[in-house]
Amino acid sequence: MGRPGFRTRTGILSFVGVATIAVAAGPGAPAAASRPATGSGAHSFAQTVTTSNGHDEDVEGADELNSFALERTAPALTVPGKALAAAEAQAAALPEVGGNWSQLTTTPDNAEPKGYTDPVWSNAGAGFSTVSGRVTALAADGPDVYMGAADGGVWRSTNSGSTWAPVDDQMGTLSIGALAVNASDHSVWVGTGEANTNADSYAGQGVYRFTRGSSTLVRIGGDELSGFTVYRIVFDGHGTVYAATNSGLWQRSASNLTAPWTLVLKPQPNPTDNPYLTSFITDVVVRPGTNGAVVLAADGWRGAGDPPADTSYNGFYLSTDHGTAGTFHEIRAAGAINNKDIGRVTFGYAADGSKLYAIIQSPSMLLAGDSTVLQGIFLSANGDPRGPWTLIANSASLCASGSGLTCPSTYQPGVQAWYNQAIVVDPANPDHLVVGLEEQYQSFNAGATWTTISPYWNYIFPCDAKGTCPLATHPDQHAVAVDGNTLFIGNDGGVYARNFQNHAPRGGWTNLNKSIHTLQYYDAEAGYQNGRLSEWGGLQDNGTTFIRAGGSSTLTPAGGDGGYVIVNPNNARDAVGEYVNMNPYLTTDGGHTFTTITPSCADAVGPPITNCDPSPRFIAPLVTDVNNPDHWVTGGEFVWTDTAAWHTVCDTTSCDWRNVHDSGAGHSITALAVNGSVTYAAWCGPCNPGGAAPFASGIDTNYGGTWHTINVSHLPNRYIAGLTVDPSNPAHIYVVYNGYSRHWILGGGTGHLFESQNGGGNWTDISGNLPDVPSDALVLSHGMLALGTDIGAFLAKAGDGHGTTWARLGNNLPNSAVDDLRLDPDGHTLLAATHGRGLWSIKLP
């Protein structure tokens with residue numbers, strides 16, 4: 001996910017993670033010469049009950065949370081799991097209009113395109129090759145390999161990963177947390193809800209199952225696990241299956257598919273479902289050779305945050321009676337483990353049960369903002385969960401094993417151990433294991449010595465005499481699987497494989513991303529180039545991409561987390577991308593070179609400007625005037641305007657961004673709309689539900705000549721995700737609300753889309769028959785309204801504001817969140833940026 005400190009022209013900037021009230025996604029990393037980290041970000045849209053505190057990368061802090069989690073939950077801390085399912089049922093009952101959506105991102109994303117070597121922003125030399133979106137789960141069954149993506153669904157390969165295809169794009173959610181193959185019948189079990197407590201992790205709708213060769217996923221049990229995230233699914237080999245979730249450990253029969261799940265372990269009773277009083281069962285294992293009798297689980301809430309989270313129930317829980325409810329008891333791990341400082345845990349048993357390994361994250365180190373949050377990797381040499389345990393690796397020893405990270409620094413191995421953990425033990429050799437954190441590490445002698453087999457990147461290595469480095473994979477490792485002698489890994493850049501018996505410290509990897517299309521966009525926009533359209537977009541952890549007109553591949557000219565984009569509609573070689581915390585950069589040569597133009601105090605490449613912006617969101621809004629593509633506006637606490645466009649300069653000596661409005665101390669701008677001299681700016685502040693002061697949102701505007709705050713007391717008190725102004729009338733404005741209505745969230749109000757004809761003086765609810773679902777972006781074109789939501793796109797005629805009737809737009813868009821909708825320069829084509837299945841377009845009917 002992210003990269004914390006990164007090397008710039010002025011040296012190393014220390015962007016160590018900060019405590020937030022979020023389910024943050026990965027923090028940051030170090031950097032190479034004159035470049036910000038190619039990172040990932042911590043963004044979290046805990047769709048249902050997963051909002052929590054966290055430590056995040058770079059300078060993210062609470063703003064990263066604002067990007068997603070709070071949009072779906074504010075003003076509350078949680079949303080019932082049934083809310084999403086209810087919205088999908090409402091959508092299914094609507095009529096459908098329009099034809100088929102066309103997927104634009106059908107080729108691999110080239111993270112290091114030849115000739116794109118900007119010294120600050122490119123990935124040149126990182127070794128990433130082609131990438132897809134974040135992979136969260138893997139399972140192998142002979143030549144059949146299964147992959148689960150963050151919000152991209154389940155994918156299957158029948159040829160050991162050479163080619164892939166999605167299994168069921170219309171299942172209840174495409175957010176995947178766990179995969180497991182039941183060896184008794186070769187069925188595949190899917191735990192929905194990504195469990196990495198990162199900012200853009202959606203909660204799930206339970207556990208699904210499909211048979212070998214099938215393309216339909218069927219939910220197992222009832223709605224007991226709806227709204228949860230699933231860390232692990234485990235079969236005991238004797239007819240029982242376990243699901244480790246963020247709300248306890250659940251058990252059921254592996255054969256009686258209609259039976260409900262049974263809760264067997266929930267250390268923290270948490271009767272109010274407070275996200276800070278949770279039972280995050282981050283892993284469960286059954287000791288081999290015990291006929292399913294010995295079951296070990298870890299309660300491992302990551303801890304930290306403001307307010308502080310309760311980690312008093314964290315620890316190891318053991319049952320010696322087949323995991324039956326009431327038989328688990330907390331055990332003290334003897335030896336090197338600090339039992340009072342256990343956060344997220346991942347276990348790995350040897351196939352014969354003779355050895356047990358554990359990765360343990362430290363809540364106290366997370367709270368302190370340390371350069372690593374890894375308590376250590378530990379070994380119980382006798383396989384007993386009680387130990388004695390021996391420390392076999394820590395941040396320092398992993399750093400000395402050939403890591404691509406630098407120690408000491410502000411970003412060392414294990415800095416994101418709350419976000420990325422994976423472990424696999426060789427079925428034929430109890431002393432051979434592979435561990436995934438930000439990087440992949442291997443040991444053939446039970447942890448006595450280690451080698452880094454997939455470093456963070458190649459920047460610190462001299463490589464060979466020709467300057468050629470072996471292929472790196474991508475940082476932030478989430479999943480591992482072994483089949484025969486093949487090791488598969490999944491990370492923020494996709495799926496890679498290597499010979500499991502390879503002793504070499506680096507290299508030997510095969511990139512398996514050629515046919516995986518799971519890119520996670522925040523925004524996208526198109527412009528003409530040689531009479532044809534080209535598209536730019538911003539991605540989670542995979543930079544700013546460019547699809548050239550007539551090109552054969554998606555290119556990544558700029559690395560790091562991408563965000564909003566601006567594209568010259570008449571010349572797509574002119575574009576602006578955005579790194580986190582309002583760090584825009586512009587190009588006029590199609591991405592070969594960039595100029596950084598940030599008014600943020602969190603300047604990514606140099607000292608900030610005087611009177612910089614103190615509180616931009618993790619993904620800050622960046623828009624153009626609806627009638628003038630050379631008039632740009634962005635915002636953090638302040639509203640910034642720029643008319644220098646493609647000649648813009650912003651550094652400590654001169655800055656073309658002008659601060660035209662202060663939304664208020666503690667506020668962060670969430671959406672902007674501009675028509676000539678009129679600007680609308682939506683904000684939240686405080687933005688964190690559960691804090692000392694209640695969540696609040698509002699809209700400021702200078703419509704009428706002076707800046708003022710619009711009276712929105714009769715509108716929902718939820719997160720404002722979008723503003724759309726009529727190009728022909730600056731007084732005509734639409735506001736898009738995220739989250740769910742008061743049916744699901746106390747104090748959330750009702751409605752998702754409101755219209756004003758007089759600059760916000762009066763508002764009309766035009767939600768009509770829209771599903772009650774988080775809504776993200778609105779397009780107004782030729783008398784039609786197109787709305788992007790977490791469950792697809794909807795279309796209605798723009799009318800008098802009364803009785804608006806909506807229909808589903810298109811019939812083959814995967815069930816991934818539509819983070820943004822844009823109108824192409826032709827005025828008739830919609831561009832949808834999904835956060836898990838790439839870019840799609842459709843002609844307006």
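Of note:
- A 1.4 Å probe, protein heavy atoms only, puts the accessible area of His708 near 70 Å².
- Annotation: per residue accessible area for the chain equals 29 Å², rounded to a whole number [probe 1.4 Å, protein chains only].
- Each residue of region 533-542 is assigned a 3J(HN,Hα), and the resulting list reads 7, 10, 10, 10, x, x, 10, 5, 6, 10 Hz, derived from the Karplus form 6.51 cos²θ - 1.76 cosθ + 1.60 (θ = phi - 60°), x at Gly and Pro.
- Alpha-carbon centroids, region 155-202 and region 787-845: separation in whole Å: 26
- Annotation: extensible slack from Asn627 through His708 equals 26.8 nm (criterion: 0.36 nm per residue apart, minus Cα-Cα distance).
- Other-chain or far-sequence residues with amide H under 5 Å of Gly768's (modelled H): Thr804
- Eligible lysines near Lys114 by straight Cα distance, threshold 28 Å, same-chain separation 8 or greater: Lys466, Lys514
- Distance violations [Cα-Cα > 22 Å] among Lys797/Lys843; Lys266/Lys340; Lys82/Lys843: Lys82/Lys843
- Between amide H atoms placed 1.01 Å from N, distances below 5 Å from Val264 occur with Leu249, Trp250, Gln251, all of them 5 or more places distant or on a separate chain.
- Protein accessible area in region 236-356, 1.4 Å probe - carbon and sulfur %: 49
- Working from Cα pairs under 8 Å separated by at least six residues, relative contact order for region 560-628 is 29 percent.
- Were the residues from His782 through Ala665 laid out at 0.36 nm apart, the gain over their Cα-Cα distance would be 38.2 nm.
- Placing dummy labels 7 Å off each Cα toward the beta-carbon, the span from Thr327 to Asn812 is 5.1 nm.
- Alpha carbon centroid spacing (whole Å) that separates region 310-364 from region 415-430: 15
- Normalised by the number of residues in the chain, the mean separation of alpha-carbon contacts (under 8 Å, six or more apart) gives a relative contact order of 13 percent.
- 5 angstrom amide H check on Gly227, placed H, neighbours 5+ away: Gly204, Gln205, Gly206
- Here the Karplus relation 6.51 cos²θ - 1.76 cosθ + 1.60, evaluated at θ = phi - 60°, turns the backbone of region 256-265 into coupling constants of 7, 6, 9, 5, x, 6, 10, 6, 10, 8 Hz, with x for every Gly and Pro.
The values are calculated or read from the model by the stated rules, or taken from the named source; none is laboratory data. The shown structure was predicted, so the numbers you read here are calculated from the model rather than taken from an experiment. When we count neighbours, we look across all protein chains shown, and the Cβ atoms used for this are built from the backbone with ideal geometry, even at glycine. Each accessible area value is taken on the protein alone, full model and side chains, heavy atoms only, with ligands, DNA and RNA left out. Shrake-Rupley method; radii C 1.70, N 1.55, O 1.52, S 1.80 Å.
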